[in-house]
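A.B. asks: Structure in structure tokens, see below.
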2 protein chains.
Amino acid sequence: MEHGTEAITRLFLQLGVILFAAKLAGEICERYLKVPSVLGELTAGIIIGPFALGGLDIPGLGSLFEHVESATAQGGFSIPVSDSLWSIAQVGSIILLFTAGLETDLRQFLRYAGPAAVVATGGVILPFVLGVAVTLALGFADSPSDPQALFIGAISTATSIGISVRVLGDLRRLDTPEGVTIIAAAVLDDVIGIIILTVVIGISVTSEFSASSVSLVALKTLGFWVALTGAGILLSKRISNILSSFQVSGATVALALGLAFFSGALAETFGLAMIIGAFSMGLALSGTELAHRLDGALRGVYAATVPIFFVVMGTLVDVTSLGNVWVFGLALTGVAIIGKVAGSGIPALFAGFNYQGSFRIGIGMLPRGEVALIMAGIGVSQGIIGSDLFSVSIIMTIVTTVLAPLVLSRSFSSTASGARVEELS
Amino acid sequence: MEHGTEAITRLFLQLGVILFAAKLAGEICERYLKVPSVLGELTAGIIIGPFALGGLDIPGLGSLFEHVESATAQGGFSIPVSDSLWSIAQVGSIILLFTAGLETDLRQFLRYAGPAAVVATGGVILPFVLGVAVTLALGFADSPSDPQALFIGAISTATSIGISVRVLGDLRRLDTPEGVTIIAAAVLDDVIGIIILTVVIGISVTSEFSASSVSLVALKTLGFWVALTGAGILLSKRISNILSSFQVSGATVALALGLAFFSGALAETFGLAMIIGAFSMGLALSGTELAHRLDGALRGVYAATVPIFFVVMGTLVDVTSLGNVWVFGLALTGVAIIGKVAGSGIPALFAGFNYQGSFRIGIGMLPRGEVALIMAGIGVSQGIIGSDLFSVSIIMTIVTTVLAPLVLSRSFSSTASGARVEELS
């Protein structure tokens, strides 16, 4: 325990460097490279991290990052940043997912639930199977029940709501049948993906793989998630009214974030990922007056904390290890692309879309973005995957997240509808 | 180093409890007790802290706070919360002081600089002398150069801008001659107080007390402060333009906070308190277009982090130790009141105010609020003062901060001007 001002000074220096690097890299990405800024933040983290520039000695200051050697309780990969910086990054992930939940339109979600459900299901099953298969094929696991293989499968199922929404918004195609379906499917995919993640974490902790244990974990997960989200939705109006009744300044933001932290801690206590709690609370509150009031106020909190999360995720990447796993990285990237384009696109053909619409949907589900990063971070911090598989996941995430906006914008350059009009309107 | 999800779960639970306790207590204070909400946050911290409710075992969970036993590098008082929570609280103090700097009107500050300078000087010297004297008189120090006595003197000089501005704003008396003078003097007092604090910290680190060492520290402090603030003011337009030219979302908030963190770290590197860096950067940017754009966006960040700072400050108070120091606590409170009412009020008489105006100014300078808390927190974390003197400071801070709004609102119930019109207009 080091409470001295020296540790705080170093933390502030890190936070300053992180925020500047994040926005500089984000600006370059969005403005000049025309790729999502999140990629810049991730890259900035890799560059300034303890494995690259941040590990170099600055005369009189030492290195920017401490090279923390000891680490996680469960052993395995060591997290190379301090407790404090890691905690602040985790706060960022809670705010990211809470905001994502708040921005999800429950009603629209339900309206396109049918097509979205088949798109999401296909977009989960195929990438999962292919992810496990490629891990086995390249000798990183001995059996399909190996936690490492299951975890790579789980990461492959991810879809980034943030990136999909952002890209579709920039293209002004959010309100197309494909657009709404992509978003609803991405939400569903998030929920299913987090359940898969929890199942995989549960299996790797109990070291068992049986249909009954999977059903039990799935039931517990689904039960808790349905109970939390259901209670949240039922109480959302009351929560909104209570929180809005506070007159003291800043109460709405502080209390809403308090709820997000509680939900995260509660989810974890029930054996779920923390982010599912924050997301569910956000989803439950999404239709309320409170969500509307939070919109502007949370933007500053988001801007201040979310980039820290992505940059810190980048700092976890050991660039020297990327070279050793490029074969696996490219193989996983390949199956991750096939898994979404075919896995989500083919079911879309049967749910009322034509070939063009189905391709758009497949590409829209492609970016793994922050969801895969959060999953990979959890896997690392729980000691389920090591730095090699973490790097593999990062390669796959970077490639799919760069590729999707490029292909999506081209696929939408034609104004032709992707829906078979007789079925969807 | 414990990176496990258990530590993060506990942190999120703490953050949830802290935010709820802060806003509940703040609401009770403002709405029903008609006292500033900051008092509620502080009290909430005392109640939920590791020395009170937060130390009790919850079945199946353990205690909310970890009872961290090991602590500060310099020995002395141990900070009873985790690295991560302490760091997030320090982020809150940086944001509090950065925002205070941003909200300070440089031009108004300069216009009332004359009266404010004498008010601030008197309001620093008398409380400092009385604070040192009472520490000596009650046997907590052997000589006037004892760091403990100097530190209590330094804490006694504090004036809370936040509380003064808030109370005057609620009374709609911000634009009176007394109002502007109080604010400008409180700003000056902050700067002088921080220099005193830095001098005291400098002395307690080098264990020397000589006129030349004091001059050297003062010169270094003033020199760095003038250089940082001067450079900030000179470059403020350019900084504002550069930061505003970023197109990527959230860049303004993230980069401005990055600057605040850098300034804090830079100030610390130069031997100054971190908060002086954040405040100076805010002050330098206060006149710019950037400050205007930050106003709304920082409100959410402020709401999310500043209450955490005050509650965590409260958690540092060992309630069982308050009973042992109540004599010193009341004595310090008494001289702290006399020190400001006479020390700031009498010079005001000579600077163009009548008796009523001078009394209002003296009372307006009374609340120690967050500034004294920050100083006390620094003293504790640097091992200069122990838990006994920290508790004494808290008693003094609580009493002066409660008393000021009550007396100030009564003294302003008459609409008569407090200025001798022939001199001030």
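A.B. asks: Report, in debye and to the nearest 20, how large the dipole of the range A:80-411 comes out about its Cα centre when Lys and Arg carry +1 and Asp and Glu carry -1 on their Cβ.
C.D. replies: Rounded to the nearest 20 debye, it is 820 debye.
A.B. asks: Explain nothing, just the number: relative contact order of the range A:328-394, from Cα pairs under 8 Å at least 6 residues apart, as a whole percent.
C.D. replies: The value is 33 percent.
A.B. asks: For the range A:1-50, what number results from the quotient of the Cα radius of gyration and 2.2 N^0.38 Å? Working shown, then result.
C.D. replies: Values: Rg = 13.5 Å, N = 50, 2.2 N^0.38 = 9.7 Å.
Its radius of gyration relative to the 2.2 N^0.38 Å reference: 1.39.
A.B. asks: Averaged over every viewing direction, what's the projected area of the C-alpha convex hull for the protein assembly as shown? Give it in nm², one decimal, please.
C.D. replies: Computing the convex hull of the Cα atoms and averaging its projections yields 35.5 nm².
A.B. asks: Pull up all non-local amide H partners of B:Ser63: gap of 5 or more, or a different chain, and H-to-H distance under 5 Å with H placed in the peptide plane.
C.D. replies: Distant-sequence amide H within range of B:Ser63: B:Ile58.
A.B. asks: Treating the point 7 Å from Cα along Cα-beta-carbon as the label, what are the nm separations from B:Ala231 to the other copies, to one decimal?
C.D. replies: For B:Ala231, the other copies' label points sit at 5.3 nm, shortest first.
A.B. asks: Using the Karplus equation 6.51 cos²θ - 1.76 cosθ + 1.60 (θ = phi - 60°), what ³J(HN,Hα) coupling, rounded to whole Hz, does each residue of the range B:240-248 give in order, writing x for Gly and Pro?
C.D. replies: 4, 5, 4, 5, 6, 7, 5, 9, 5
A.B. asks: Could you let me know the centre-to-centre spacing of the range A:332-399 and the range A:260-298, using Cα atoms, in angstrom?
C.D. replies: 24 Å
A.B. asks: Follow-up. Counting partner chain Cβ atoms within 10 Å of every residue's Cβ in B:84-95, what's the average?
C.D. replies: 4
A.B. asks: Taking only Cα atoms and a 10 Å spring cutoff, compute GNM fluctuations for chain B and point out the largest among B:Val132, B:Val17, B:Val35.
C.D. replies: Its mean-square fluctuation being the largest, the pick is B:Val17.
A.B. asks: Next up: Can you give the Rg to Rh ratio of chain B, both from alpha-carbon atoms, with Rh computed by the Kirkwood formula?
C.D. replies: 0.96
A.B. asks: Under the rule of at least 5 residues apart or a separate chain, name every residue whose amide H is placed under 5 Å from the amide H of A:Phe353.
C.D. replies: Residues meeting the criterion, in which the H sits 1.01 Å from N, are A:Arg420.
A.B. asks: Toward the positive end of the charge dipole of chain B, about the Cα centre and with charges on Cβ (Lys, Arg +1; Asp, Glu -1), which of B:Thr288, B:Gly230, B:Met313 goes farthest?
C.D. replies: B:Thr288
A.B. asks: For B:Gln356, go 7 angstrom from Cα along the Cα-to-Cβ vector, then report the distances to that same point in the other copies in nm, smallest first.
C.D. replies: The answer, with the shortest distance listed first, is 7.9 nm.
A.B. asks: Scan chain B for the residue whose Cβ is closest to the axis carrying it onto chain A, then write down that distance in whole angstrom.
C.D. replies: Output: B:Gly300, 2.
A.B. asks: With +1 on each Lys and Arg Cβ and -1 on each Asp and Glu Cβ, how big is the dipole of the protein assembly as shown about its Cα centre, in debye rounded to the nearest 20?
C.D. replies: 2200 debye
A.B. asks: Then there is this: At 7 angstrom along the Cα-to-beta-carbon line, where would the label on A:Glu289 sit relative to the other copies? Give the distances in nm, shortest first.
C.D. replies: 3.7
A.B. asks: Exposed loop sites here are trypsin sites (Lys or Arg not before Pro) in DSSP loop states with at most 12 other C-beta atoms within 10 Å. What is the longest stretch of chain A lacking them? Please list the in-between numbers first.
C.D. replies: Working: sites that count: A:Lys34, A:Arg172.
Counting at most 12 other Cβ atoms within 10 Å as exposed, the longest clean stretch of chain A is A:173-425.
A.B. asks: Pairwise over distinct Cα atoms, reciprocal of the mean inverse distance: report the Kirkwood radius of the range A:313-425 in Å, one decimal place.
C.D. replies: 15.3 Å
A.B. asks: Give the relative contact order (percent, whole number) for chain A; include only Cα pairs under 8 Å separated by 6+ residues. Spell out each step's value before the answer.
C.D. replies: Working: 707 pairs, mean separation 115.8, N = 425.
Once divided by the residue count of chain A, the mean separation gives 27 percent.
A.B. asks: Can you compute the helix-only [θ] at 222 nm over chain B? Use -39500 (n - 2.57) per DSSP H run of at least 4 residues, normalise by all residues, nearest 500 deg cm²/dmol.
C.D. replies: -24500 deg cm²/dmol
Taken together, the values in this text are just the output of simple stated rules run on the coordinates, not laboratory data. It should be emphasised that the depicted structure is a prediction, and the values quoted were computed from it without experimental measurement. Methodologically, a virtual Cβ is constructed for each residue, glycine included, from the backbone with ideal geometry; neighbour enumeration extends over all protein chains shown.
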